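Only one structure is covered here, and it is reproduced in the block below.
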Amino acid sequence: MASLPTLQTAERPRAYVSVNGPDAGSYLNRMVSNEVEDLPVGDAREALLLTAKARIIAPLVVWRRGPDDYLILTEPEVGERLLRELVRFRFAAKCEIGREEHRSVVLLGAGELVLDQHKVVLPTADYGVPAVELIDGEQPADADPVGEDELERLRILARTPRLGRELDDRVMPAEAGLEERAISFTKGCYPGQEPVARLHYRGRANRGLRVLTVEGDSLPVYDAELVLDGKVVGRVTSAAPDPERGVVALAYVRREVPVDVELELGERRASQL
């Protein structure tokens with residue numbers, strides 16, 4: 001991964017849901033897409049909460065705070081739904097589930113000194129550069145603020161999907177490139193496991209996320225159509241200004257489209273990175 005010349009920092013809006021009690025690990029393992037019962041205390045792992053048809057409800061970071069104590073980080077707009085889903089399916093599991101209030105700060109270019117000075121530091125691959133997420137930690141005094149446009153540009157170049165843009169109820173995990181990051185194919189059952197496994201072992205996703213550069217400096221609108229030889233072959237989901245390329249974008253593109261062809265975006269051209 002590329003390194004940043006200076007330490008940069010930004011607030012990261014989050015919702016937090018705690019699950020604690022003797023059955024916390026086993027219950028969460030039955031609910032989310034990744035293995036979390038075997039997490040060492042202090043470690044975190046990405047996972048997904050899915051519908052029975054494997055549509056994405058929420059992307060998660062599951063942090064094991066103690067032997068029977070987990071804190072789940074997700075996007076603010078789905079915090080209440082995550083809470084409701086976990087409470088609804090708890091049944092006889094011996095665990096308490098509730099909302100908590102915390103503060104997350106992203107540090108880009110974080111080195112060993114930062115890691116040593118903060119107790120709760122969760123590595124994140126969301127931005128394609130060395131980065132961590134601090135929970136309730138103080139921002140280093142020598143860190144420079146980073147703007148939303150720059151964070152979005154880094155996220156797009158890292159091909160990291162975002163809820164409400166790349167992730168919604170039209171999308172399966174494989175299409176968003178989340179199989180390696182957030183899914184275990186060896187753990188026990190969870191909601192959505194059958195369609196996820198069927199697509200993984202018996203088929204291939206018909207589309208996938210690709211990074212584009214777009215002519216001009218205006219940002220394409222959400223869901224703008226991508227065309228090749230007169231046929232719609234994809235849609236733009238996110239875009240951000242880029243000082244070197246003009247505009248970079250994330251888009252779902254049909255699998256059969258070669259990665260080296262230019263696509264039409266209205267009257268503009270879009271090249272694939």
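The values are calculated or read from the model by the stated rules, or taken from the named source; none is laboratory data. All of these numbers come straight from a predicted model, not from anything done at the bench. Counting neighbours? That spans all protein chains shown, and the Cβs are built from the backbone with ideal geometry, glycine included.
Things worth noting here:
- Selection from region 188-216 of residues that are among the β-branched types (Val, Ile, Thr) and touching a Pro at 6+ places or on another chain (Cβ under 7 Å): Val196, Val214
- Selection within region 118-146 - more than 15 Å from Gly42 (Cα to Cα) and in contact (Cβ under 8 Å) with a residue 60 or more places away in the chain: Gly128, Val129, Pro130, Gln139, Pro140, Asp142, Ala143, Asp144, Pro145, Val146
- Between Val196, Val211, the distinction of being of a type in the set (A, V, I, L, M, F, W, C) and assigned by TED's automatic domain parsing to the domain that holds Glu262 belongs to Val211 only.
- Whichever residue in region 1-35 is within 20 Å of Glu194 (Cβ to Cβ) and either in contact with a helix residue (DSSP H, G or I) (Cβ under 7 Å, 6 or more places away or on another chain) or among the acidic types (Asp, Glu) (or both) and, among such residues, is surrounded by the fewest Cβ atoms within 10 Å (Cβ to Cβ): Glu35
- Enumeration of residues in region 169-201 that are more than 12 Å from the chain's Cα centre (by Cα), within 20 Å of Gly234 (Cβ to Cβ) and in a loop (DSSP other than H, G, I, E, B): Asp169, Arg170, Val171, Met172, Ala174, Glu175
Here's the yes/no breakdown for (1) modelled with pLDDT of 95 or more; (2) among the polar types (S, T, N, Q):
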| residue | (1), (2) |
| --- | --- |
| Ala93 | yes, no |
| Leu108 | no, no |
| Glu112 | no, no |
| Leu115 | no, no |
| Ile135 | no, no |
| Ile156 | yes, no |
| Thr160 | yes, yes |
| Leu167 | yes, no |
| Ala174 | yes, no |
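- Checking each residue in region 50-75 for being in contact (Cβ under 8 Å) with a residue 60 or more places away in the chain and in contact with a Pro (Cβ under 8 Å, 6 or more places away or on another chain) picks out Leu50, Thr51, Ala52, Lys53, Ala54, Ile56, Pro59, Thr74, Glu75.
- Residue in region 226-246 that is farthest from Glu150 (Cα to Cα), counting only those that are among the aliphatic types (A, V, I, L, M) and surrounded by fewer than 17 Cβ atoms within 10 Å (Cβ to Cβ): Val232
- Filtered by the rule that a residue be part of a loop (DSSP other than H, G, I, E, B) and either without any contact (Cβ under 8 Å) to a residue 40 or more places away in the chain or surrounded by fewer than 18 Cβ atoms within 10 Å (Cβ to Cβ) (or both), region 76-99 gives Phe89, Arg90, Phe91, Ala92, Lys94.
- Breaking point among (1) in the same structural domain as Ala47 (by TED's automatic domain parsing); (2) touching a helix residue (DSSP H, G or I) at 6+ places or on another chain (Cβ under 8 Å); (3) in contact (Cβ under 8 Å) with a residue 60 or more places away in the chain; (4) buried (at least 17 other Cβ atoms within 10 Å of the Cβ), for Ala249: (1)
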